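This report refers to the structure that appears directly beneath it.
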Amino acid sequence: MEASLSAQVRTGRGKGYRRRLAAQGKIPAVVYGKAIGSIPVEVELRALKNILAREGGRNALIDLKITGEGQERQDKVLIKELQYDSMRGELIHADFQQVSLTEKITTTVPVELEGEPVGVKQGGILQQQLRELEISCLPADIPEAITMDISGLEIGDTVHVADLPVPPGVRVLNDPEEVVATVVAPAVERVPGEEEETGEEKEASPEAGEE
């Protein structure tokens, strides 16, 4: 997915400056990369949230236009890091990484499982151990997610990284044998008073003595 976003070069810093930005509906951010170094900017919070709200938005290839302080440029960037307020949970800062469309990058994408396994219908429990996959590919080839249909899984079946359907041009960096998900049998509840006798109890029983 591709998106567009505007940014203005940031000149201030500190809590007071951040409060003024917040009053304008903006947050501070940084854009960095081989070709541009590091540029502090400010972006509109609502515009960034709109990108994140779309499916696959966290890995969106963004066409970022930077203006102000003698700067006027347009770069392809990816969201590298997001910082949230620990108390309110509000987005307060973003890091953008400049990328080249001809150079591969390393990133993570979500693993999504579709369908209800046969084993779950039979009483089993689906356990998903891996929810993100580390991949290497060109920026334009980043998938929104790696999706797999697991409706055919029975109790005891396991999905490994090597089983995931990966799009062309995408290389997975995880261990191929790493477990993604498995369908396990339901836990058996023991009824009080029906515990099995231990070896010592069996030896101490009258029947054991008569023998």
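The values are calculated or read from the model by the stated rules, or taken from the named source; none is laboratory data. Being a predicted model, the structure only gives us computed values, none of them experimental. Using ideal geometry, Cβ is built from the backbone for each residue, glycine included, and neighbour counts are taken over all protein chains shown. Surface areas here come from the heavy atoms of the whole protein model, side chains and all, with no ligands, DNA or RNA. Shrake-Rupley method; radii C 1.70, N 1.55, O 1.52, S 1.80 Å.
Among the residues of region 153-164, the ones that are under 17 Å from the mean Cα position of the chain (by Cα) and either surrounded by fewer than 13 Cβ atoms within 10 Å (Cβ to Cβ) or of a type in the set (Val, Ile, Thr) (or both) come to 1 in all.
The sole residue among ALA22, ALA29, ALA60, ALA94 that is farther than 27 Å from ALA140 by Cα and among the small types (Gly, Ala, Ser) is ALA22.
Results for (1) among the acidic types (Asp, Glu); (2) open to solvent by 60 Å² or more (accessible area, probe 1.4 Å); (3) assigned to a loop (DSSP other than H, G, I, E, B); (4) at pLDDT below 95, shown as yes or no for each residue.
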residue: SER151; (1), (2), (3), (4): no, no, yes, no
residue: PRO192; (1), (2), (3), (4): no, yes, yes, yes
residue: GLU201; (1), (2), (3), (4): yes, yes, no, yes
residue: ALA208; (1), (2), (3), (4): no, no, no, yes
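Considering only residues in region 1-51 that are open to solvent by 30 Å² or more (accessible area, probe 1.4 Å) and among the acidic types (Asp, Glu), the one that is modelled with the lowest pLDDT turns out to be GLU2.
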